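Only the coordinates and a few stated rules stand behind these numbers; no lab work does. The model shown is predicted, which means the values in this text are computed figures rather than measured ones. No Cβ is skipped: glycine too gets one built from the backbone with ideal geometry, and neighbour counts run over all protein chains shown.
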Amino acid sequence: MDFELSDELKDFKKMVREFALSEFTSEVARKHDFEESYPDDLRKKSLEKGIIDFASPWKTMVAIEELCRVDAGLGISVTVPYFGAEVIMLFGNDMQKEKYLSQVNQGKKIMGLAVTEPGGGSDVAANKTEAVKSGDKYILNGSKMFITNGQIADFFVMLARTSKAEGEKKHRGMSTFIVESKFKGFSSSKLEGKLGVRATNTAELILNNVEVPSENLIGEEGKGFYYIMTFFNISRVFVAAQAIGVAQGALDRTLEYLKNNAPKGEMQNEYVQFTISDMATRIEAARLLMYKAASYLFQFKPNPTITSMAKGYASEAAVFASEKAMELTGMYGLSGDIERYFRDAKIMEIWEGTSEVEKLIIARMLEKESDSSE
Amino acid sequence: MNDDLRLMKETVRDFSIKNIENTSLKIEREGIDRNLIKKLSEQGFLGATAPQKYGGSELDILSYCAILEELSSFSPSVGVLVYLYNSIGAKAFENTSLAEEYLPKILSGEITLGFGYGDILEGFEAESRTGDGSLLKRDVIFPGADKFMVIDGQGEDVIFASGTIRESKNKKSLGMRGLGISDVKLDMAQSRKVCKKSELEKALGNSSLEIASILLGIIKGALDKAIEYAKVRTTFDHYLKDYSPIAFSLSLLKSEEEMLRSYIYESDANPRKGLNALLFSEALSKRATKQALQTHGGYGYLEDFGVEKFYRDAMAVSTILFRGKKDRKRLSDEVFGVNSGFL
Ligand SMILES: Cc1cc2nc3c(=O)[nH]c(=O)nc-3n(C[C@H](O)[C@H](O)[C@H](O)COP(=O)(O)OP(=O)(O)OC[C@H]3O[C@@H](n4cnc5c(N)ncnc54)[C@H](O)[C@@H]3O)c2cc1C
C-alpha cells in the first residue's frame, strides 16, 4: 500500500498548479463568473501546455483537482470538452473513434453528454426522448435538460428510447447515439442564472425530428442504459476530483486569510483551529477514497461502491469546507474570491448522481455484496 | 402568537403576494426599485419602529419581527432593507439633531439610504482615504442609494454623506442581490456626524431577535418551496415526498422552523432570548436552505426556481449581520456569567 503519487504525477501536479495560478487569476475567474461566459482561450491554452492529457486517466484526475482548486468554473470548463468520451472509447466502433473522438482529443471539437431530461435526472430509465428507426436512420424527438457544453459542443453522446418502456424493465429499451449539433432539427438554448460554475456552458436541447444516421448508434441497440451507468462509474471519480479541488482551494484560501489578513491571534483561537482541522481531515479522507476508487478503476477493476462513496463524500466535503471557509473569513470571503467556492461547491452534490443517488447505489451494492461469503 | 400578531403577519403576507412575489426574480436581477420602497413606506414598514413624529409607525418589537419574517420569506433582500432602515438607520438618527431634517424624508422613501458598516465586523479594514479628500468605503450595502450611513475615517463616528459607486466590481454579490454590495466613494465635504460608532455597534448587538426573524423568513421561504416541490415532482414513479430521507429531513426542518417561530413570538422577556434565537436560526437557516435547494435537484441550481437565493442569502445574512465568533462568545459569556470562550 503506497499512498503517494508517483514522481511523474507529482511533477505533473506541480506543473498544473503553476498553470492554474498564473492563468486563473481573480480577474479572469470573476469575469467569467459574472458574465457566465465560456473561457475558450483557456481551453486551448491548457491543451497546448499539456495540462490535459487524455491518454492518462491519473493525470486527468490530478489535473481536474488542481485546476478546480484554483477555480472550479474555469477548471471544469477546460476539462469538460471531453465529457462523455469514455462511452465512445469503450463501446464505440473504430469509425466513431476516428471521426469523433480523435477530433476531441486534438482539441478541434468539443463534445457533451446528454442524458438528463426536464422530467428527470436521477431516474434515467424514465427518459422520454425517442429514437425511431427509419431505413438507415433514426429519427429523434424529445428534449434534454441541463446539458453541459449544450451550446458549444459539436456533438453529444445522447441517450434515447428505442423501444417502449415496459413496467419494471424500463431501462432495457434505451440506446446511445452520437448526435451532431449541426443535424437538422437540433436546437439549444442557454440556461442562465446558475448559482455557480458559471463559466461552464449549460443548455436545454430540443430534438425535433432529428435524423441520425444508423452508423451513429453506439454499440448495440437496447444497451444504452448500461453504457451510461458504466460511464458514470468512471466519471464520478472525476467529479470527486472536482469536489476535492474546490474543498482544498477553500481551505488554502482560508489559511491564507488567517495568516495574512485576519485580526492578530485569530489562528490561535481554538474554535478556528478545530474548524480548519475538520476541513482538512474531511478533505484528506475524501482524497484517499478517490485514490482508492481510481486505482480500482484505472486497473480496469471498477468498484462502484467505492466510486459512489468517493463522489458522495467528496461532494459533501466540498460543501462543508466552502461553508466553513465563509464562516471563518466573513466579510473578507464575501467580498473576495471565497464566496465563489461556496456557490460552486453545491453543484457537486447534484450532478452525475445526486448525493441521494450515490447513497442508494452504495446501499444496493452492500446488500448484494453481503450475499457473497467474503 | 396573539391575534394582533397573526393579523399583522397576514397583512404583510398579502402585501408581499401583491408586491413582491411576482417580481422577486426581477428584484434579484435588477435590484429593489424606488416604487417598492415607496410602497413599503406607505404601509408603514420602512419605519416600523421609528417614532411617529418622523413618519414611523412605532410598532412593538414582535410586530416588527413579523414584518421582517414575512417579507424575508418572499425576498430576503427586502427584509434586510427594512431591518437596516429601522434597526440601524432610524436608531442611529433618532436622538440626534439630524433626525428632524432627514428621517421623514428617509422613511417616506424620498431619500434612499445605503449602509457601510463592514468595519464593525471584527477587524475588517473597510475603507481608505483617496487623494481628493473623499472617503472610499468598501462593501457598502445598497450602494445605489442617495445617501449613506457609514463609519468615518478614524473609525470613531458614524457619518451621513452623499456618495457614488466607485466602479462596478464586475461581480455579483453572494446574497442580498436586491440591495447589492459595492464600493462607494463618499463626498466628505458635506458629511455630517450622526452618532458614535459604539452606539451603532450597540444597535446591531441589540437587534439579534430581528436578525433571527429575517433568518426565520428565509427558512420558511426555502422549506415551503421544497415541500411544495416534493409533492409534485416524481422520480422512479413516486413523489419525492414519499421517500423517507426527503420526507424526514424536510419535516424535521419544518418542525425546527415552527419551534423557532413560537420562541421568537413568545412574550416572556428572557434576557438571552435574542441571542438564543439568533444562534439557533443562523445554524438552521444554513441547513434548511441547503436541503431545500438539494430537493429541487438541478432546478435548485438555477435562479428561476427562486430557491438558490435563499441558500445564498442565508450565508450572506450570516456573514453580514451575524457576527460569528463575536456573537457566539456573547452567548457563552451570558451562559457562564463570566468572560469565557476566549482561547
Ligand atoms: C449545471 C448543471 C450541469 C449539468 N450537466 C449535465 C450534463 O452535461 N448531462 C446530463 O445528462 N445532465 C447534466 N446535469 C443534470 C444533473 O445530472 C441532474 O440535475 C441530476 O442528475 C439530478 O436530476 P434532477 O435535476 O432531475 O433531479 P431529480 O431527479 O428530480 O431529483 C430531485 C431531488 O430528489 C432526490 N431524489 C430523487 N430520487 C430519490 C430517491 N429515490 N430517494 C431519495 N431522494 C431522491 C434527488 O437526489 C434530488 O435531491 C446538469 C445539471 C446541472 C445543474
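Taking only the Cα atoms of region A:90-222, the ratio Rg/Rh comes out at 0.96, with Rh defined as the Kirkwood radius.
Compared with the rule-of-thumb size 2.2 N^0.38 Å for a compact globular protein, chain B has a Cα radius of gyration ratio of 0.99. Its Cα gyration tensor gives region B:134-265 an equivalent ellipsoid. The semi-axes, each the square root of 5 times an eigenvalue, are 43, 20, 9 Å from largest down. Remark on B:Lys196: its backbone amide H falls under 5 Å from those of B:Val158, a criterion applied only to residues 5 or more positions apart or on other chains, H modelled at 1.01 Å from N.
With R₀ fixed at 60 Å, the C-beta to C-beta distance from A:Glu220 to B:Lys26 puts the FRET efficiency at about 0.75.
Note on A:Ser163 and A:Asn260: the extension gain reaches 28.7 nm, defined as 0.36 nm multiplied by sequence separation minus the Cα-Cα distance. Placing dummy labels 7 Å off each Cα toward the beta-carbon, the span from B:Asp187 to A:Gln299 is 7.3 nm. Just to confirm my numbers, what's the Cα centroid distance between region B:22-43 and region A:340-374 in Å? Using only Cα atoms, the two centres lie 41 Å from each other. Most fluctuating residue of B:Ser72, B:Ser57, B:Ser262 in a GNM of chain B with Cα springs under 10 Å: which is it? Evaluated over chain B, the most mobile residue of the options is B:Ser262. Using alpha carbons only, the radius of gyration of the protein assembly as shown set against its Kirkwood radius gives Rg/Rh = 1.00.
Please list the equivalent ellipsoid semi-axes of region A:253-374, computed as the square roots of five times the alpha-carbon gyration tensor eigenvalues, in descending order and whole angstrom. Mind dumping the intermediate values first?
Values: eigenvalues 242, 44, 28 Å².
Working through the eigenvalues yields semi-axes of 35, 15, 12 Å.
Binning the C-alpha pair distances of region B:207-334 at 10 Å intervals from 0 yields a P(r) profile of 13, 41, 29, 13, 3, 0 %, listed from the shortest bin outward.
Using the Karplus relation 6.51 cos²θ - 1.76 cosθ + 1.60 with θ = phi - 60°, the per-residue 3J(HN,Hα) values for region A:330-340 come to x, 4, 4, x, 5, 8, x, 8, 5, 4, 5 Hz, with x marking Gly and Pro. Amide H to amide H, with H built 1.01 Å from N, A:Lys133 comes under 5 Å of A:Ile139, counting only residues 5 or more places away or on other chains.
Helical content of the protein assembly as shown, expressed as a calculated mean residue ellipticity at 222 nm, amounts to -16500 deg cm²/dmol (DSSP H runs of 4 or more residues, -39,500 (n - 2.57) each, divided by residue number, nearest 500).
Arranged from fewest to most other beta-carbon atoms within 10 Å of their beta carbon, A:Asp33, A:Asp53 become A:Asp53, A:Asp33. By the compact-protein rule of thumb, 2.2 N^0.38 Å, the alpha-carbon radius of gyration of region A:176-327 corresponds to a ratio of 1.42.
How many nm separate the modelled label positions at B:Leu5 and A:Thr281, each set 7 Å beyond the Cα in the direction of the Cβ? Result for the modelled spin labels: 4.0 nm. Placing dummy labels 7 Å off each Cα toward the beta-carbon, the span from B:Glu266 to B:Ser251 is 2.4 nm.
Helix A:224-260 and the longest principal axis of the Cα set of chain A meet at an angle near 20°. I'd like the distance between the alpha-carbon centres of region B:199-267 and region A:1-69, rounded to an integer number of Å. Cα centroid to Cα centroid, the span is 39 Å. Once C-alpha pairs closer than 8 Å and six or more residues apart are averaged by separation and normalised to the residue number of chain A, the relative contact order reads 16 percent. Using the Cβ-Cβ distance between A:Lys182 and A:Asn93 with R0 = 25 Å, the FRET efficiency computed as 1/(1 + (r/R0)^6) comes to roughly 0.70. Given a Förster radius of 35 Å and the C-beta distance between A:Glu270 and B:Glu334 as r, what FRET efficiency does 1/(1 + (r/R0)^6) yield to the nearest 0.05? In this case the efficiency is close to 0.95. If I fit a long axis through the Cα atoms of helix A:355-369 and take the longest principal axis of the Cα atoms of chain A, what angle between them do I get, 0 to 90°, rounded to 10? It is inclined by approximately 70 degrees. If you bin all the Cα-Cα distances of region B:3-107 at 5 Å, starting from zero, the percentages per bin are 3, 13, 25, 24, 18, 11, 5, 1, 0. For B:Cys65, A:Cys68, B:Cys195, the sequence from fewest to most other C-beta atoms within 10 Å is B:Cys195, B:Cys65, A:Cys68.
Close amide H pairs (under 5 Å, H built 1.01 Å from N) link A:Phe155 with A:Ile110, A:Gly112, A:Ser181, residues at least 5 positions away or on another chain. Note on region A:7-82: Kirkwood radius taken over Cα pairs, Stokes-Einstein applied at 20 °C and 1.002 mPa s, translational D equal to 175 µm² s⁻¹. Considering chain A at the alpha-carbon level, its Rg and Dmax are found to be 21.0, 75 Å.
Put one equal scatterer on each alpha carbon of region B:224-276, apply the Debye formula with no solvent term, and list log10 I(q)/I(0) at q = 0.13, 0.28, 0.30, 0.31 1/Å to two decimals. The computed values of log10 I(q)/I(0) come out as -0.46, -1.03, -1.11, -1.15.
Paramagnetic label reach from A:Lys190 (point 7 Å along Cα→Cβ; backbone nitrogen cut-off under 19 Å): within region B:301-316, residues B:301-305. Taken over region A:157-261, the convex hull of the Cα atoms encloses 161 Å³ per residue.
With a 10 Å cut-off between alpha carbons and a GNM built on chain B, which of B:Asn270, B:Asn19, B:Asn95 moves the most? Ranking B:Asn270, B:Asn19, B:Asn95 by mean-square fluctuation puts B:Asn270 first.
Each residue of region B:38-45 is assigned a 3J(HN,Hα), and the resulting list reads 4, 5, 4, 5, 4, 7, x, 7 Hz, derived from the Karplus form 6.51 cos²θ - 1.76 cosθ + 1.60 (θ = phi - 60°), x at Gly and Pro.
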